[in-house]
Amino acid sequence: MSQPPPPAYTGPERVLSGVQPSGALHLGNYLGALVKFARLQHERETFIFVADQHAITVWQDPALLAQQTREIAAAYLAAGLDPAKAAIFPQSAVREHVELAWVFNCVARLGWLDRMTQFKEKSGKHKERSSVGLYTYPVLQAADILVYKATHVPVGEDQRQHLELTRDVAAKFNHDYDAPGFFPLTEALTQGPGARIMSLRDGSAKMSKSDPSDLSRINLTDDADAIASKIRKAKTDPEPLPEGLDGLAERPEAKNLVGIYAALAGKTDAEVIAEFGGKGFGTFKPALADLAVAQLAPVGERMRGYLADPREIDRILKAGADRARAVAAPVVDEVRRKVGFISL
C-alpha cells in the first residue's frame, strides 16, 4: 500500500535572489536580474542579497570586495529596488546563512555535489587546486534560500541544477528530522525575456563582466555617450533584419540586438521584427541606441549618486540585514532544536 505524500509547506510565499560582487554590473545583469527583482518585490515578500560569501570561493582583493559590495547595492537601488519593500543586505551580515550551511553539509550527499556541472566548469583541469568552498558552493546556496524558507527563486539555466539540490536538501532534512513541511520545496521562477543577453562583439557568447573587451558589454555606470557608442560599434552582419523570426536563427548578432531592443521596450522579438523587419542596421542601431540611452542612462546616474554616499548605502544594508536576521534567526533556532543542539 502506497504511503501518502508528506504534508506540503504552508508558510508565506517568499522570493530570494542575489548577485556576486565580483565585477561591474552590465546590461545582461540589469535585464536578466535587476529589473525582475524590482518587479518581484511587489508580488511577494522579497530578500535580495549581495553574495559576498560566494564571491570568496575564489580569491578576492578585500578592499575591492567591499567596494564592489556597495556597487551591487547601489545598482539594486538604482534599478528600482525599494528598501522599504525588499530586504537588501550583504550575505555575510546574516550569520545564519553559514550556520545553516554547515547543517546542510551534513545532510547533503557527496554524490549530489559530484554531479554539479558548474564546479567542473569553474575548476577546470586542476580541481585539486580549487577551494573547498567552490565545491560546496551549492550547499551554501541551499542555505541562502532555505534560511528564509523562500518558496520561489528566479533562476537561469545555469542555476537550475543548484535549485534541484536545494529541493533535495530540503526534502532530506524534512525526512531525516521528522519535520514534514518544515522547509519548502522551492520553485523556480523563469527569467523570461532578456534573461540571456549576449556579447556585443560575439553573439554566441554571453555578455560578461570578465570579457577583456569593454566594447562587449554596456556597463550600468556607462554614461549616455558610452552607451550609444557601444551600440553603434556592436558587431552585426551586412544583411537587413529579416521579415520573420525564423530569419534570425543563423544570425546570432542580429538576434541579440533584437532581443535587447525587445527587453528594453517591453516587447516580444516578433513585435520588434514587425517594426524593423527589412530595414538595415543603419536604421535599427540608432533606434536601439536611443532606447538604450533612455532606459539605462538614468539608472547609471542614480547609481553614481548612491555611490557618492557610501554611508547611506551602509545604512540601507544594515537595515536590510536586521530585517533578514529577524526572519532567519528563528528558522535556525528551530533547526538547532530539531538537530539536537543544546541551547545555552
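Every read-out reported here was derived from the displayed coordinates using simple, explicitly stated rules and does not represent laboratory data. Note that the coordinates shown come from a computational prediction; the quantities given were computed from them, not determined experimentally. Note that we place each Cβ from the backbone using ideal geometry, even for glycine, and neighbour counts take in every protein chain shown.
Excluding residues fewer than 8 places away in the same chain, name every one of the aspartates and glutamates whose C-alpha is closer than 20 Å to that of LYS127.
Straight-line reach from LYS127, under 20 Å: ASP114, ASP158.
Would you list, by chain and number, the lysines whose Cα falls below 19 Å from the Cα of LYS285, excluding same-chain residues fewer than 8 positions away?
List returned: LYS230, LYS233, LYS235, LYS255, LYS267.
Fewest to most neighbouring Cβ within 10 Å: what's the order for SER343, SER208?
Ascending Cβ contact count within 10 Å gives the list SER343, SER208.
So if I place +1 on the C-beta of Lys and Arg and -1 on the C-beta of Asp and Glu, and nothing else carries charge, what would the dipole magnitude of segment 264-344 be about its Cα centre? I want it in debye, nearest 20. The partial results should precede the final answer.
On the way: 13 positive and 11 negative charges, 85 e Å.
Here the size comes out at about 400 debye.
Starting with the highest mean, order 256-262, 89-95 by the number of other Cβ atoms within 10 Å, averaged over the residues of each peptide. Mind dumping the intermediate values first?
On the way: 256-262: 23.4, 89-95: 21.9.
Per-residue mean Cβ counts within 10 Å order the peptides as 256-262, 89-95.
May I ask you to list the lysines whose Cα is less than 18 Å away from that of LYS318, ignoring any residue fewer than eight positions away on the same chain?
Result set, ordered by chain and number: LYS85.
Using just the helices of the chain, give the 222 nm mean residue ellipticity in deg cm²/dmol: DSSP H runs with n ≥ 4 each add -39,500 (n - 2.57), and the total is spread over all residues, rounded to 500. Walk me through the numbers before you get to the answer.
Numbers: 14 runs with 169 residues, N = 344.
Using -39500 (n - 2.57) per qualifying helix, the result is -15500 deg cm²/dmol.
Sort LEU134, LEU264, LEU296, LEU110 so that the residue with the fewest other Cβ atoms within 10 Å of its own Cβ comes first and the one with the most comes last. The partial results should precede the final answer.
On the way: LEU134 16, LEU264 20, LEU296 23, LEU110 7.
So the ranking, lowest neighbour count to highest, is LEU110, LEU134, LEU264, LEU296.
Could you list ASP309, ASP223, ASP178 so that the one with the fewest beta carbons within 10 Å of its beta carbon is first and the one with the most is last? Before the final figure, lay out each step's value.
Numbers: ASP309 12, ASP223 15, ASP178 8.
Fewest-to-most ranking of ASP309, ASP223, ASP178: ASP178, ASP309, ASP223.
Packing-wise, with mean Cβ within 10 Å as the measure, how do 29-40, 55-66 rank, highest first? It would help to have the intermediate numbers written out before the result.
Details: 29-40: 21.3, 55-66: 14.0.
Ranking, from highest mean packing down: 29-40, 55-66.
Is segment 214-305 best put as rounded, prolate or oblate by its Cα gyration tensor, with a ≥ b ≥ c the root eigenvalues, rounded for a/c under 1.5, and otherwise prolate when a/b is larger than b/c, oblate when not?
On the way: a/c = 2.36, a/b = 1.83, b/c = 1.29.
Prolate, since a/c reaches 1.5 and a/b exceeds b/c.
Which one, ALA78, LEU65, ASN105, projects farthest toward the positive side of the charge dipole computed for segment 44-131 from Cβ point charges (K/R +1, D/E -1)?
ASN105
Report for the chain the percent antiparallel among DSSP-assigned beta bridges with both residues inside it, nearest 5.
Bridges in the chain are about 10 percent antiparallel.
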